[in-house]
Amino acid sequence: MLAAASTGTTGTYWASVQPDRIALYSQYGDRTFAEVDAHANQLVRALRARGIEAGDGLALMCVNRPEFVEAAGASTRSGMRLTTVNWHLTGEEAGYIVDDCEATVFVADATFAAAAEEAAAAAPRLKAKIAIGGEIPGFERWDDVLGEHEGAPLEDPALGGTMLYTSGTTGRPKGVRRVADGTASPLLAIASRYDRDAHVHLCTGPLYHAAPLAFSLAAPAALGVPIVLMDGWDAEETLQLIDKHRVTHTHMVPTMFNRLLALPDDVKAQYDVSSLTYILHGAAPCPVQVKQRLIEWVGPIVNEY
C-alpha cells in the first residue's frame with residue numbers, strides 16, 4: 001500500500017483488494033472502490049487526450065459528491081496539482097483562483113453553472129472544462145468525457161500535489177503549494193487508528209476546505225476505509241448517518257458540537273451512536289464545558305488538534 005501511495009494509486013490498490021465494497025455513500029449515489037478507481041483512471045486518460053500533462057493544474061469546484069473524490073483521485077495519480085475552489089465564491093472571485101493557480105483543467109458542479117462559466121472565462125490557460133451533474137455552457141459533460149476511455153489501472157502513474165488557497169482576509173486569496181508527499185495521508189490515517197475492516201468515516205464539512213480534504217478524504221481513503229459524504233451539515237442528519245452506517249470516525253468543529261448538544265434529549269435518544277470511536281476536531285477553540293458534555297455523551301473519544 002505504501003508503494004502505491006508513492007505514485008498516488010492507493011485507490012487502485014484498494015480497488016484490487018476490495019473491489020465490490022462501497023467506498024462512498026452519498027445522496028448523489030454510492031460508489032464501490034472499483035468504480036471510484038476506474039472513473040479516476042478514465043478521467044486521467046481523457047485529460048491526457050486533451051493535452052494535459054503532469055505538472056498542470058486542476059481546479060475543482062464541486063459539492064461533496066462522488067465525482068469530487070474521483071476528480072481529486074485523478075489529480076493525485078496523474079502528477080497534477082489540485083486546487084479546490086470554494087463554491088460560495090462569486091464567478092469573479094472563483095475566476096481569480098482558477099486563473100491564479102494556472103489551471104489547465106476546470107471541473108465544476110453544474111449547481112454553480114453561472115459562477116463556473118464566468119470563472120472559466122477568466123482563465124485563458126484552460127484546455128479542458130468539464131461539468132458535473134448537468135450542463136454548463138462551454139463545458140463538456142462528465143459522463144461523456146469519462147465514457148471515451150477505459151478504466152484499467154494506469155501504466156505510468158505519477159504522484160500529484162495540491163495548491164490550496166487562503167480565505168483572502170488580507171486581500172486576494174493566496175495559493176499555498178505543497179510538495180507532493182505520498183506518505184502523508186497513510187501516516188495521518190495510521191495516527192487516526194483506522195482499521196479498514198471495522199471502520200467508517202463520516203465527512204461533515206465541505207471537501208474544498210483543507211481539513212476535510214485531509215482528514216475526511218485523504219486519510220480514510222489511504223487505508224481503504226469507506227466514507228459517508230454529507231452535502232451540507234445538519235445535526236439530526238449527522239446522528240441518522242452515524243446510526244445507519246455504524247460510523248466510527250468523523251471530523252467536526254466546535255459549532256457542530258454545540259448544535260448536536262442542543263438537540264432535544266428525545267431526538268438524541270432515537271439514534272445509536274455507540275459505534276463512534278474517534279472524533280477529531282480543530283477550527284475554533286472548544287469551550288471546556290462543551291467538550292465535557294460531549295464526552296459525557298459519547299465517551300472519551302474527542303481528539304483536538
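I want to confirm something. Restricting to the stretch 141-152 and keeping residues that are at pLDDT 95 or above and either of a type in the set (Lys, Arg) or surrounded by fewer than 16 Cβ atoms within 10 Å (Cβ to Cβ) (or both), which single residue is farthest from Asp109 (Cα to Cα)? Among those that are at pLDDT 95 or above and either of a type in the set (Lys, Arg) or surrounded by fewer than 16 Cβ atoms within 10 Å (Cβ to Cβ) (or both), it is Ala152.
For the stretch 154-165, enumerate the residues that are farther than 10 Å from Arg77 by Cα and touching a residue at least 40 places away in the same chain (Cβ under 8 Å). Spell out the reasoning first.
Step one: of the stretch 154-165, the residues farther than 10 Å from Arg77 by Cα are 155, 162-165.
Thr162, Met163, Leu164, Tyr165 - these are the residues of the stretch 154-165 that are farther than 10 Å from Arg77 by Cα and touching a residue at least 40 places away in the same chain (Cβ under 8 Å).
For the stretch 98-124, a residue qualifies if it is of a type outside the set (Gly, Ala, Ser) and open to solvent by 10 Å² or more (accessible area, probe 1.4 Å), and the qualifying residues are Asp99, Asp100, Glu102, Thr104, Thr111, Phe112, Glu117, Glu118, Pro124.
Within the stretch 119-141, is there a residue that is among the acidic types (Asp, Glu) and under 22 Å from Glu53 (Cα atoms)? Yes, the stretch 119-141 contains at least one residue that is among the acidic types (Asp, Glu) and under 22 Å from Glu53 (Cα atoms).
In the stretch 36-70, the residue that is farthest from Asp144 (Cα to Cα) out of those that are of a type in the set (D, E, K, R) and either surrounded by fewer than 24 Cβ atoms within 10 Å (Cβ to Cβ) or under 14 Å from the mean Cα position of the chain (by Cα) (or both) is Asp56.
Of all the numbered requirements in (1) in a helix (DSSP H, G or I); (2) in contact (Cβ under 8 Å) with a residue 40 or more places away in the chain; (3) not polar (S, T, N, Q), Leu58 misses one, and that requirement is (1). Cβ separations smaller than 7 Å between residues 6+ apart or across chains give the following pairs from the stretch 193-217 residues that are closer than 13 Å to Tyr278 by Cα and assigned to a loop (DSSP other than H, G, I, E, B) to residues that are of a type in the set (A, V, I, L, M) and open to solvent by 10 Å² or more (accessible area, probe 1.4 Å): Tyr194/Leu223.
Filter the stretch 13-35 for residues that are open to solvent by less than 30 Å² (accessible area, probe 1.4 Å) and not in a helix (DSSP H, G or I); which is farthest from Ser216 (Cα to Cα)?
Only one residue tops the list, namely Gln18.
Within the stretch 62-108, the set of residues being of a type outside the set (Lys, Arg), under 26 Å from Arg31 (Cβ atoms) and in a loop (DSSP other than H, G, I, E, B) comprises Cys62, Val63, Asn64, Gly79, Met80, Val85, Asn86, Trp87, His88.
Out of all the residues in the stretch 131-138, is one or more open to solvent by 50 Å² or more (accessible area, probe 1.4 Å), more than 30 Å from Thr90 (Cα to Cα), at pLDDT 90 or above and not aromatic (Phe, Trp, Tyr)? Quick ask: steps written out before the conclusion?
Keep residues of the stretch 131-138 that are open to solvent by 50 Å² or more (accessible area, probe 1.4 Å), which gives 133, 135, 137-138.
From what's left, more than 30 Å from Thr90 (Cα to Cα): none.
Scanning the stretch 131-138, I find no residue that is open to solvent by 50 Å² or more (accessible area, probe 1.4 Å), more than 30 Å from Thr90 (Cα to Cα), at pLDDT 90 or above and not aromatic (Phe, Trp, Tyr), so the answer is no.
Taking the criterion of being farther than 23 Å from Ala180 by Cα, open to solvent by 10 Å² or more (accessible area, probe 1.4 Å) and either touching a Lys or Arg at 6+ places or on another chain (Cβ under 8 Å) or polar (S, T, N, Q) (or both), the only residue of the stretch 199-228 that qualifies is Val200.
The values are calculated or read from the model by the stated rules, or taken from the named source; none is laboratory data. The structure presented is a predicted model; accordingly, all values stated were derived computationally and were not measured. Please note: Cβ atoms are built from the backbone with ideal geometry, for glycine as well, and neighbour counts cover all protein chains shown. Side chains are part of the model used for accessible areas, which takes the heavy atoms of the whole protein and leaves out ligands, DNA and RNA. Shrake-Rupley method; radii C 1.70, N 1.55, O 1.52, S 1.80 Å.
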